[in-house]
Amino acid sequence: MITATVKKYISNPSAKLIIVSYSPTGGGHTARLLNIISMALEKKSIPEDSIVMFHVPCPWEGTPRSPLVANLAKTLINRQINVWIAESDKSIYGYLNKETGGSDDASILQHITRFPQRNVTPQSARKDDSQKTITELTQCVSFQTDEDCKNLPIISAKNLMNSMAATFGREIMAERCYVLTDMDPYLQKAAQVAGVPGKRCLDQQNHAILLNLNDSQLNILPKYALLSKVLGGYGEQISHIDLGGRNTLVSISNITERLGILSGTPKYIARLKIADLLLSHALPAEKIKEKLADANRPFSGVMAGSLVQHGGDAQNIVYVYAHKKTNIVARCVNERMCANDPLFQRIIFLFCGPGAAGDFNAMHLAYIADADGITTAGAGTIGEFAYLRKQAGCGSRLLVLPIEGHNEQEKNADVISEDNEIKAFVVRTLATEQLSDSLLRFVSDQPKTREAPCTMNEFITAISDQNSYVRQAYDRLFNNDIAINFKNIEQVEQIMNRSPLLKATRKYLKLVFQALNATEKEANSSIQVMLQQGMSHTFSNVKELNNTLLSSMRLAQMIGLKEAEDADRLPLLSEVRRHFSALAGGGKPSVSQSTKLKEEFGEFMVTGF
C-alpha cells in the first residue's frame with residue numbers, strides 16, 4: 001500500500017510530505033503539536049494525496065498513547081490524505097519522582113545517556129515483544145484504524161529520513177517536504193541531513209525561556225549540555241511559546257455560549273452562574289473523606305465553605321491544579337473547613353480534574369469566574385494566568401508552586417514573579433514556610449473588592465482572539481511568515497548546537513552514567529561504554545577507567561576535546577574521580593553511592609524539565 005501511495009503522491013505536484021514528532025512527556029506537547037496539523041487541514045494547506053508521517057514517541061511513564069493521534073489520522077484519511085505511522089527509537093523523555101512529584105532529572109540523564117546502547121542492551125520495558133525494529137519507509141504502518149496504533153514498528157529518525165530521501169528523491173525532499181516537531185531534535189537533525197531546508201522545518205518549544213539571549217556565551221557552560229540537545233539548533237525555524245503572549249483559550253467560548261454568558265453580561269452575574277454550577281457539584285463530607293483516603297490519585301471535586309448555600313454567598317472561588325501537591329492542599333482545606341475557620345467559610349475550592357464539575361472543563365469555569373488559583377508552574381497554566389491578567393481584565397491572584405527541581409517551571413515562576421504588570425498578584429511559598437502556611441497566607445490576603453471591568457466584554461474579546469500559538473506555528477511553517485521572527489533564539493540555539501564543549505560534555509555524561517551502571521554491583525569485570533551508536537570502548541577493569549578519568553589529556557581525547565584543560569571544566573569531575581578512585585582502590589561497589597552521584601548530576605545539569 002505504501003508503494004502505491006508513493007507513486008500517487010509523486011504524480012500530484014501539489015501534494016505535501018509532512019513528518020510529525022513530539023515529546024511524550026505529560027501530554028501537552030501532543031495536543032499543541034497536533035493542533036497545528038488540524039489548522040493546516042482546516043485552511044486547506046494539506047492537499048489530497050499528501051502524506052502525513054507520524055513518528056510517534058514511546059508511551060510516557062506507562063501512560064497509554066494519546067487517542068488524539070488516531071483521531072487526527074482518521075480525519076486526515078477522510079480528506080484523502082495518507083497517514084503513515086511508526087514509533088521513534090529515541091524520545092526526549094521527562095521523569096517525575098513518584099513520591100514528591102518533583103522532576104527526576106537523574107532518571108532523565110540516565111535515559112538519554114543510554115541511547116547509544118539501545119540496540120545492544122537487553123530488551124527494554126518500553127518495547128513490546130511483538131514490536132519490530134525496522135529500517136525502511138515501506139515497513140512503516142499505513143494507518144487505517146485505531147488498531148494500527150498498537151505494537152508499532154520502531155524506526156530511528158536517521159533511518160526514516162534516509163529512506164524517505166531514497167524513496168522520494170532529493171528534489172521532493174527540498175521542495176515538498178515539511179518537518180514539524182515539539183521537542184524532537186533527532187528528527188530535526190535527520191531532516192537536515194536528508195536535505196529538507198530549514199525554512200520547511202519547525203520546532204515548537206517553550207524551553208528557550210531558560211536561555212540568556214543577551215550574552216550567548218553564558219549558554220555554552222557545561223551545565224547546559226543536555227538543554228542544548230533538547231533545543232535542537234540544526235537550522236530549523238523556531239515557534240517559541242512565551243508566557244501569556246498569545247491566546248490559548250479559544251475553546252472557553254464553548255462554555256460561555258452554553259451558559260449564556262455574553263460580552264455584555266455583568267461580571268458578577270457570570271461569577272454567580274459559575275458559583276451556582278460548582279455548588280451543584282459540591283462533595284458531601286463522606287465523599288471528601290473517601291477521596292482524600294486515596295493517596296494514589298489526585299483529589300478532584302468541589303469543596304464549599306459552610307456558609308456558602310447559594311452562589312451569591314461565595315466571597316471567593318479558588319481553583320487548584322497542583323500535581324502532587326493537590327492532595328496536600330485538599331487536606332489542608334478540608335481541615336480548615338471542618339474546623340469552621342472563618343477564612344474558609346465563604347470560599348468555594350475547585351480541585352480541577354476529570355469530572356470535578358460534570359462534563360465542564362473545571363479550569364475554564366474558574367477562568368470565567370475570575371477565580372484565584374493555586375497551581376504548579378507549567379508553561380500552560382502560567383501562560384494562561386498571565387494572558388488573562390494582561391489581556392482579559394481579570395483580577396485573579398495565583399499561588400504558584402513550581403515542581404521541585406524542574407528547571408523550566410522554576411524559571412516560569414521567577415519570570416511572572418518579576419513581571420511588573422502582574423507580580424503584585426503572584427504569591428510564592430517562602431523558604432521557611434510549609435505549604436499549609438502558604439495556603440493560609442494566600443487565603444487571608446484575598447482582596448475585599450476586585451478591580452475589574454463591569455462586563456465580560458474584555459474577557460470575551462480576549463478568548464476570541466485568533467492570534468494563537470497554533471496560528472503562529474502554522475504561519476511560520478506553511479505560509480513562510482517572515483513577520484514572526486525568532487532569529488535571536490535560533491541563533492543562540494545554533495551556537496549551542498555547534499559548541500565542542502557541550503558536545504564533549506554529553507559524551508562525558510554517557511561515559512560516567514554507563515560506567516556507574518556497570519560498576520554499581522560488581523567492579524572487577526571489564527567495562528564497556530558506548531559514546532555513540534556503533535562505536536564502543538572497553539576498559540579492561542575499573543583501574544583503567546579511573547586512570548582515564550584522572551588524566552585530563554586522556555579524558556579530553558576520549559570525548560573529543562582539543563584542549564586538556566577544557567576537561568577540567570566538566571561537571572562534577574572531582575566527585576566522579578573520587579568515586580571511581582575508591583572503586584579502583586578496592587572499595588565495595590554500592591548502588592546507593594552510584595544513585596547519589598547520579599542525583600547530584602541531576603541537580604547540577606539544566607535539563608529543561
Relative to the first principal axis of the alpha-carbon coordinates of the chain, what is the inclination of helix 591-604, with its axis defined by its Cα atoms, in degrees from 0 to 90 and to the nearest 10?
70
Quick check: with the 1.4 Å probe, what order do ILE317, ILE269 take by accessible area, largest first?
ILE269, ILE317
Please state the shape class of region 160-272: rounded when a/c is under 1.5, otherwise prolate if a/b exceeds b/c and oblate if not, all from the C-alpha gyration tensor.
oblate
Place +1 on the Cβ of every Lys and Arg and -1 on the Cβ of every Asp and Glu in the chain, take the dipole about the Cα centre, and give the residue among TYR508, GLN491, VAL6 whose Cα lies farthest towards its positive end.
VAL6
Checking the cross-link filter: which lysines have an alpha carbon closer than 23 Å to that of LYS543, excluding same-chain neighbours under 8 positions apart?
LYS507, LYS510, LYS521, LYS588, LYS596, LYS598
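Between TYR268 and GLN345, what FRET efficiency follows from the Cβ-Cβ distance if R0 is 22 Å, with the result rounded to 0.05?
Details: r = 20 Å, r/R0 = 0.91.
That pair, TYR268 with GLN345, gives E of 0.65.
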Leaving out ligands and nucleic acids, and using a 1.4 Å probe, what accessible area per residue does the chain come to in Å²?
44
State the extension gain, in nm to one decimal, for the chain segment bounded by ARG297 and ASP146, taking 0.36 nm per residue of separation less the distance between their alpha-carbons.
51.5 nm
Per the helix-only calculation at 222 nm, which mean residue ellipticity applies to the chain, given -39500 (n - 2.57) for every DSSP H run of n ≥ 4 and division by its residues, nearest 500 deg cm²/dmol?
-12500 deg cm²/dmol
So, in nm, how far is label GLU136 from label SER464 when the simple model puts each one 7 Å beyond its Cα toward the Cβ?
5.6
Rounded to 10°, Cα long-axis angle of helix 67-78 versus longest principal axis of the chain
80
If you average the C-alpha positions of region 535-570 and of region 161-217 separately, how far apart do those two centres end up, in angstrom?
32
In this structure, the FRET efficiency calculated for GLU404 and LEU218 from their beta-carbon separation, with R0 = 22 Å, to the nearest 0.05, is 0.35
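Where both residues lie in the chain, what percent of DSSP beta bridges are antiparallel, nearest 5?
Numbers: 13 of 55 bridges.
Bridges in the chain that DSSP calls antiparallel: roughly 25 percent.
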Show me the three semi-axes of the equivalent ellipsoid for the chain, from the C-alpha gyration tensor (sqrt of 5 times each eigenvalue), largest first, rounded to whole Å.
43, 33, 22
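So which chymotrypsin sites (Phe, Trp or Tyr not before Pro) in region 454-553 pass both tests, a DSSP loop state and at most 13 other Cβ atoms within 10 Å of the Cβ? Before the final figure, lay out each step's value.
Details: sites: PHE459, TYR469, TYR474, PHE478, PHE486, TYR508, PHE513, PHE539; in loops: PHE486.
Sites meeting the loop and neighbour criteria: none at all.
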Directionally averaged shadow of region 285-332, computed from the convex hull of its alpha-carbon atoms, nm²:
3.6
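What GluC sites (Glu not before Pro) does region 516-605 have in DSSP loop regions with at most 10 other beta carbons within 10 Å?
For GluC sites (Glu not before Pro) across region 516-605 that sit outside H, G, I, E and B with at most 10 neighbouring Cβ atoms in 10 Å, the list reads GLU522.
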Rounded to the angstrom and largest first, Cα extents along the principal axes for region 429-549 equal 76, 51, 20
Under 5 Å, built H, 5+ apart or other chain: amide partners of THR455
LYS267
How do HIS364, HIS323 stack up against each other in accessible area, from largest to smallest, with a 1.4 angstrom probe?
HIS323, HIS364
So what's the angle, to the nearest 10 degrees on a 0 to 90 scale, between helix 326-338 and the longest Cα principal axis of the chain?
20
Based only on Cα atoms, what Rg/Rh ratio does region 233-364 have, Rh being taken as Kirkwood's radius?
1.06
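Pairs LYS189/LYS503; LYS43/LYS158; LYS7/LYS199: which exceed 21 Å Cα-Cα?
As for pairs spanning more than 21 Å Cα to Cα, those are LYS43/LYS158; LYS7/LYS199.
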Using a 7 Å offset from the Cα along the Cα-to-Cβ direction at both HIS310 and GLN117, what is the distance between the two label points in nm, to one decimal?
6.8
Between region 346-409 and region 503-524, what's the alpha-carbon centroid distance in Å?
42
Measure off 7 Å from each Cα along the Cα-to-Cβ vector at ALA483 and ALA31, then give the distance between these two points in nanometres to one decimal.
2.9
Hey, for a label at GLU42 modelled as a point 7 Å past Cα toward Cβ, could you say which residues of region 166-187 have their backbone N under 20 Å away?
180-182
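Using a Förster radius of 22 Å, what is the FRET efficiency between LYS521 and MET553 based on their Cβ-Cβ separation? Nearest 0.05, please.
Details: r = 31 Å, r/R0 = 1.40.
In this case the efficiency is close to 0.10.
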Unit Cα scatterers, Debye sum, region 385-448: log10 I(q)/I(0) for q = 0.13, 0.17, 0.21, 0.28 Å⁻¹
-0.37, -0.63, -0.93, -1.29
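The values are calculated or read from the model by the stated rules, or taken from the named source; none is laboratory data. Only a predicted model underlies this, so the values are computations on that prediction, with no experimental measurement involved. Here Cβ is always computed from backbone atoms with ideal geometry, including for glycine, and neighbour counts include all displayed protein chains. These accessible areas exclude ligands, DNA and RNA; they are computed on the full protein's heavy atoms, side chains included. Shrake-Rupley method; radii C 1.70, N 1.55, O 1.52, S 1.80 Å.
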